[in-house]
1. If you stretched the chain out fully between VAL67 and TYR224, how much longer would it get, using 0.36 nm times the residue separation minus the C-alpha to C-alpha distance?
2. So the label point goes 7 Å from the Cα of ILE187 along Cα→C-beta, right? Which residues of segment 73-104 then have their backbone N under 15 Å from it?
3. Between HIS231 and ILE137, 0.36 nm times their residue separation minus their Cα-Cα distance comes to what?
4. Mind grabbing the accessible area of ILE137 for me, 1.4 Å probe, Å², rounded to tens?
5. For LEU115 and LEU75, calculate 0.36 nm times their separation in residues minus their Cα-Cα distance, and state this gained length in nm to one decimal.
6. Suppose each label sits 7 Å from its Cα in the direction of the beta carbon; what would the TRP215-THR99 distance come out to in nanometres?
7. Report the local net charge at PRO228: Lys and Arg +1, Asp and Glu -1, summed over other residues whose C-beta lies under 14 Å from its C-beta.
8. Around ALA219, with a cut-off of 15 angstrom between Cβ atoms, what is the net charge of the other residues, counting Lys and Arg +1 and Asp and Glu -1?
Amino acid sequence: MLSFPHGHADDPGRARIRPLHEQPSPTPDDAGSGATSPPRRDDRRRDHAPVPSLQLAVLLWCLWLLVHWLLAMTLNPPLRLERWIILIAAVGYLALWPTLRLAQRPSATAPAPALILLEWLALGIVFQALIWPLGFIARWSLTQTAWVNTAMLAWALLAAAFVAWGATARRGIERAIAAALCILILIGEPVVMALLALGGQPGWPMRISPLQTLWRLTAPFGEYRPEPWTHHAIAIAVAAVFAWTLVVLLTRLTARQPNKMRDRIRR
């Protein structure tokens with residue numbers, strides 16, 4: 001029986017494996033034939049930039065509400081329990097969530113406005129588990145509880161429109177402006193009124209900030225007066241719908257610009 005040495009070229013059943021230093025290096029022709037090089041580490045980091053998930057946002061929102069509810073039950077805050085909880089919820093819904101959402105590093109695939117709207121809806125569903133038991137404890141009527149709920153969701157929807165606009169932006173200055181606008185919605189008008197009060201100027205019913213509206217709508221049983229605060233909530237809801245319409249239109253216009261540039265390059 002004939003035998004061949006291991007790895008010999010005459011061995012019909014074995015293919016000689018060339019060492020790495022003998023293998024040919026890729027040429028430009030190979031690259032043009034469809035071979036692709038592995039992505040660089042910088043590209044992979046850019047594509048997988050940290051974006052807060054819906055589950056994380058809901059978890060943090062639940063912890064925010066639960067911790068402050070427990071603190072209010074044990075530390076006896078200076079405000080009534082229902083007003084304290086609603087104030088804390090407004091800070092988290094209108095300032096904390098937008099700030100944390102916009103503080104994330106922008107990724108190659110920016111979140112669509114629909115994802116921001118989904119987060120707003122998920123946080124609003126969690127808020128339902130708080131507002132209705134709270135209304136029962138505070139002895140609110142169903143109408144009063146519904147108006148408190150409507151006011152909170154309307155102002156949060158307006159803040160979510162700024163979050164959606166900032167989340168799709170690539171530049172940090174635009175994201176910072178969006179976060180600042182959300183905070184100004186909450187405390188901008190009260191700060192201006194406080195500064196004017198130092199000079200002896202009279203105040204006015206707040207229409208941009210939700211603080212006074214929520215304060216009046218969470219009045220104790222027997223002191224509740226819906227008007228004009230319910231009108232303010234309706235006006236903010238209309239403004240939020242208008243703001244979301246602008247965000248959707250701007251997002252579509254921005255998405256069409258790269259496509260037009262690609263068509264010009266191909267021509």
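The values are calculated or read from the model by the stated rules, or taken from the named source; none is laboratory data. Values in this document were obtained by computation on a predicted structure and should not be read as measured data. Note that we place each Cβ from the backbone using ideal geometry, even for glycine, and neighbour counts take in every protein chain shown. Heavy atoms of the whole protein, side chains included, go into the accessibility calculation; ligands, DNA and RNA do not. Shrake-Rupley method; radii C 1.70, N 1.55, O 1.52, S 1.80 Å.
1. Values: separation 157, 0.36 × 157 = 56.52 nm, distance 2.80 nm.
Stretched out fully, the VAL67 to TYR224 stretch lengthens by 53.7 nm.
2. 87-100
3. Values: separation 94, 0.36 × 94 = 33.84 nm, distance 2.56 nm.
So the extension gain works out to 31.3 nm.
4. Its accessible surface works out to 90 Å², give or take rounding.
5. Values: separation 40, 0.36 × 40 = 14.40 nm, distance 3.72 nm.
Gain on stretching LEU115 to LEU75: 10.7 nm.
6. Distance between label points: 2.1 nm.
7. Details: positive: ARG207, ARG216, ARG225; negative: GLU227.
Around PRO228, the charge tally is +2.
8. Numbers: positive: ARG80, ARG83, ARG139, ARG216, ARG225; negative: GLU82, GLU223, GLU227.
Its environment carries a net charge of +2.
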